[in-house]
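Please treat every number below as a calculation from the coordinates, not as lab data. Everything numeric in this text was worked out from a predicted model, so none of it was measured. Cβ coordinates were reconstructed from backbone atoms using ideal geometry, including for glycine residues, and neighbour counts include every protein chain displayed.
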Amino acid sequence: MSVEKQSKTWRAIVSYQVDGKRKKATKGGFKYKSEALAYETMLKAKLNQGYDIESSKQLFTEFYDTWLDNHIKSGIKQQTIANHIATQTIVHEHLQGVTLEQMNRKRYQQFLDDLSTTRTASSVHQISMRVGMCLKEAFSDGIIKTDPTFNLKFKGAHDSKPTDLKFLEEDEFNKLVKYIENSPMTAPNFMIYTAALSGMRAGEVLALTYSDFDVKNNKILVTKSKTNRVPYQYTTPKTKQSVREITMPTYYFEQLERFKQMFPNTDEHIFGEKTSQSVPSYRLRCLTKELDIKPISFHGLRHSHASILINNGVDIAYVSERLDHSSVSVTQKVYFHFLKKARENEEEKMLNVFKK
């Protein structure tokens, strides 16, 4: 019999085979016989569709560990590995004892809600993307029958820093650049100067060698990036299109010569092999305080660079290519506020054209 009475409840029993061996799956606690029969019908249907009942009983933490090990072996970047390992720790902290089968949409949303009490919505979303890769693979392989990542909601205990803290206004930007030009061209100063005028990522700046500078054509060739965790590694950029040439103003190369004069015997990488992103970040904090301009992160120089280009009418497609965004739509999303302002300026020009 596929269902049987147990005192005051009913139990469903479903037989299946694994590697030619006959096994049974049981579930009790049903109040009515009809409920037990309905569960039996549902489970048989799932098994007929390829449902892997053995793997689904595995603890999610164990499944995630195996998945991550294989994902790392596939050849992902060092920084990406570090992010995944940080997420792995979070998974073990919050999902101990939870089976893969129990990781349905409701349980997964609860996990994200728990994280949101101490993290920003953006941070929760990043964690969800990494864990979601594992869950989507389990769904694709038929180990679980529903996609737990569908239609999730992200919230946070506190918002990210206000937008105006992440960008320098053009007058502040120019004040910073001019100050560095009139100061000793130390390594931290030149890192900041390079990032501000190129829009390059921190890792790309730290990976520069003298051979990357095409002084004759006023260009910097971006071919590699430096990871931000010990042991430091020099890797290829994020994508193929990340290898690019960035045109620089002529006066930038005058400052490059000043830097060379101060550091004529540098390592192959002009900022040294052991320098981390914390070095220019600390210097930038000191400079913004000294110059009485709003504090921004080192990455904020990249945002400032882009916003100034957009505000001065530079084509959005060019800005997107210069920053190495995956698409123009990404640039439009990130810099929506500035694009809106530029559009308002264009509308004002249009009205002046038709002004009587």
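General observations
- Taking Cα atoms only, the orientation of helix 336-353 departs from the longest principal axis of the chain by about 60 degrees.
- P(r) weight above 16 Å for the range 60-140, C-alpha pairs, percent: 49
- Considering the chain, its Cα convex hull presents a mean projected area of 27.3 nm².
- What the phi angles of the range 133-145 give under the Karplus curve with 6.51, -1.76 and 1.60, with θ = phi - 60°, is a coupling list of 4, 5, 5, 5, 5, 4, 5, 4, 7, x, 6, 10, 9 Hz, glycine and proline written as x.
- Other residues lying with their Cβ under 13 Å from the Cβ of Phe60 contribute a combined charge of -3, Lys and Arg counting +1, Asp and Glu -1.
- Ordering Thr250, Ser304, Thr41 by Cα displacement along the dipole of the chain toward the positive end leaves Thr41 in first place; charges were set at the Cβ atoms of Lys, Arg (+1) and Asp, Glu (-1).
- Area projected by the alpha carbon convex hull of the range 164-346, averaged over all directions, nm²: 10.4
- In degrees, nearest ten, helix 33-48 long axis to first principal axis of the chain (Cα): 60
- Rounded to the nearest 20, the Cβ-based charge dipole of the range 164-346 about its Cα centre (Lys and Arg +1, Asp and Glu -1) stands at 540 debye.
- Length released on extending from Lys260 to Ala38, taking residue separation times 0.36 nm less the Cα-Cα span: 72.2 nm
- Most fluctuating residue given options Gln255, Gln49, Gln332, as computed from a GNM of the chain linking Cα atoms under 10 Å: Gln49
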